[in-house]
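J.: Structure below; questions to follow.
The values are calculated or read from the model by the stated rules, or taken from the named source; none is laboratory data. Since we're looking at a predicted model, the values are computed, not measured. Heads up, the Cβs are rebuilt from the backbone with ideal geometry, glycines too, and the neighbour counts pull from every protein chain shown.
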Amino acid sequence: MADDLTYEDTLAALAWQVELGADEAVLDHPVDRFDLPAPPPKPAPTVSPQVTKAAPVQHAAPELDAVAVARQLAEGANSLETLHAAMEGFEHCDLKRGARNFVFSDGHASARIMIVGEAPGRDEDLQGKPFVGRAGQLLDKMFVAIGLDRNVEGPDGLYITNMLPWRPPQNRDPKPAEIAMMRPFLDRHIALADPDILVLMGNHACAGLLGRRGITRMRGNWEEVLGRPAMPMFHPAYLLRNPVAKREAWSDLLSIKARLQ
Ligand code: URA
């Protein structure tokens, strides 16, 4: 079968795998997991008289409250630089171990608008910056159309971050526990950047900051997050898959522009 594949077929199959998130080789050869030898049978449990007589009481180690640790670190950060360092050094989120880079923010914190996305994807993980892949390029075009640019400092700029600073494996959805663990850092990030307006990009940003999903109903309606006006919008990755929704996105951009004025 593989011998029948053309160069183009092989390239398309490879692109499809990359799209699914299989973007690096972990072994030199593929493993056929349907053809592995059966694991040896588990030994039957034996009852040790010693253990049954006087089993010592095992006290489970107290579970570390990662959210409390995150809160303490976040509260101790008095600048974006110290927050960056505190987050980068935070060891309790397992996503950190699978990611290539820590992705904190891009643009300028002097901007009046702060965009909150979901989590880094493949390109963001490689470059250590949020929204630099195809969705990020669309996001840039959308905001340039209302006169805002991440490369510009001051009121015509943009400041961009994500709910999570590390890429979830295979771009899977963030887990509620991961969002809850990193939320104190995000709250502090917003307080320190001090934007006039927040833009919540997609369902995960809405779930994380508003505790609600349903972007189709929520988009276009101003909300309040941490005492600031917040606009839920369709995520640019969704707009790439559903270009007809760009009309609604344009209306939301105009609403943001009007609010800035
Ligand atoms: N999608 C996001 O939500 N954030 C990124 O940084 C990239 C893609």
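J.: Quick check on this structure: which one of ILE215, ILE190 is among the β-branched types (Val, Ile, Thr) and in contact with a Cys (Cβ under 7 Å, 6 or more places away or on another chain)? Break it down stepwise before answering.
T.: On the way: ILE190 fails: in contact with a Cys (Cβ under 7 Å, 6 or more places away or on another chain).
Unique residue meeting the criteria: ILE215.
J.: Yes or no: PRO236 closer than 14 Å to LEU139 by Cα and surrounded by fewer than 12 Cβ atoms within 10 Å (Cβ to Cβ)?
T.: Criteria not met by PRO236.
J.: Do we find a residue being under 24 Å from GLY211 (Cβ atoms), more than 16 Å from the ligand (Cβ to nearest atom) and either charged (D, E, K, R) or out of contact with any Phe, Trp or Tyr (no Cβ under 8 Å at 6 or more places or on another chain) (or both) anywhere in the stretch 89-96?
T.: yes
J.: How many residues are assigned to a helix (DSSP H, G or I) and in contact (Cβ under 8 Å) with a residue 24 or more places away in the chain if we restrict to the stretch 212-242? Outline the logic, then answer.
T.: We begin by selecting, within the stretch 212-242, every residue assigned to a helix (DSSP H, G or I); these are 215-218, 236-241.
Add one more test, that the residue is in contact (Cβ under 8 Å) with a residue 24 or more places away in the chain, and what stays is 236-240.
Total meeting the criteria: 5.
J.: I would also like to ask the following. Hey, among ALA245, ALA230, which residue is of a type in the set (A, V, I, L, M), away from the ligand (no atom under 13 Å from the Cβ) and under 23 Å from GLY107 (Cβ atoms)? Before the answer, list the steps.
T.: Details: ALA245 fails: under 23 Å from GLY107 (Cβ atoms).
Step by step, each of ALA245, ALA230 is checked, and only ALA230 is of a type in the set (A, V, I, L, M), away from the ligand (no atom under 13 Å from the Cβ) and under 23 Å from GLY107 (Cβ atoms).
J.: Can you list the helices (runs of 4 or more DSSP H) found entirely within the stretch 70-186 that contain at least 1 residues being among the hydrophobic types (A, V, I, L, M, F, W, C) and within 30 Å of GLN17 (Cα to Cα)?
T.: Details: elements: 80-88, 95-98, 122-127, 134-144.
It comes to 95-98, 122-127, 134-144.
J.: In the stretch 160-185, which residues are within 13 Å of the ligand (Cβ to nearest atom) and crowded, with 23+ Cβ neighbours inside 10 Å?
T.: ILE160, THR161, ASN162, MET163, LEU164, PRO165, TRP166, ARG167
J.: Among residues belonging to the stretch 126-159 that are farther than 22 Å from LYS96 by Cα and of a type in the set (Lys, Arg), point out the one that is surrounded by the most Cβ atoms within 10 Å (Cβ to Cβ).
T.: Result: ARG150.
J.: May I ask you to list the residues in the stretch 108-125 that are within 12 Å of the ligand (Cβ to nearest atom) and buried (at least 21 other Cβ atoms within 10 Å of the Cβ)?
T.: ILE115, VAL116, GLY117, GLU118, ALA119, PRO120, GLY121, GLU124, ASP125
J.: On the given criteria, is ALA145 within 16 Å of the ligand (Cβ to nearest atom) and small (Gly, Ala, Ser)?
T.: On the way: within 16 Å of the ligand (Cβ to nearest atom): no; small (Gly, Ala, Ser): yes.
Considered against the rule, which asks whether it is within 16 Å of the ligand (Cβ to nearest atom) and small (Gly, Ala, Ser), ALA145 comes out as no.
J.: For the stretch 184-225, what are the residues that are within 26 Å of GLY154 (Cα to Cα) and β-branched (Val, Ile, Thr)?
T.: ILE190, ILE197, VAL199, VAL225
J.: Right, next: Hey, does the stretch 126-142 have a residue that's within 11 Å of the ligand (Cβ to nearest atom) and free of Cβ contacts under 8 Å to residues at least 12 places away in the same chain? Before you say what the answer is, go through the steps one by one.
T.: Start the filter on the stretch 126-142 by keeping residues that are within 11 Å of the ligand (Cβ to nearest atom), which leaves 127-139.
With free of Cβ contacts under 8 Å to residues at least 12 places away in the same chain added as a condition, the list becomes 137.
Checked the stretch 126-142: at least one residue is within 11 Å of the ligand (Cβ to nearest atom) and free of Cβ contacts under 8 Å to residues at least 12 places away in the same chain.
J.: Please go through (1) at pLDDT 95 or above; (2) farther than 26 Å from LEU83 by Cβ for ARG213 and return the number of the only condition it doesn't satisfy.
T.: (1)
J.: Taking the conditions exactly as written (touching a Pro at 6+ places or on another chain (Cβ under 7 Å), surrounded by 16 or more Cβ atoms within 10 Å (Cβ to Cβ) and in a helix (DSSP H, G or I)), does HIS204 satisfy them or not?
T.: On the way: touching a Pro at 6+ places or on another chain (Cβ under 7 Å): yes; surrounded by 16 or more Cβ atoms within 10 Å (Cβ to Cβ): yes; in a helix (DSSP H, G or I): yes.
Here the answer is yes, as HIS204 does meet what is asked.
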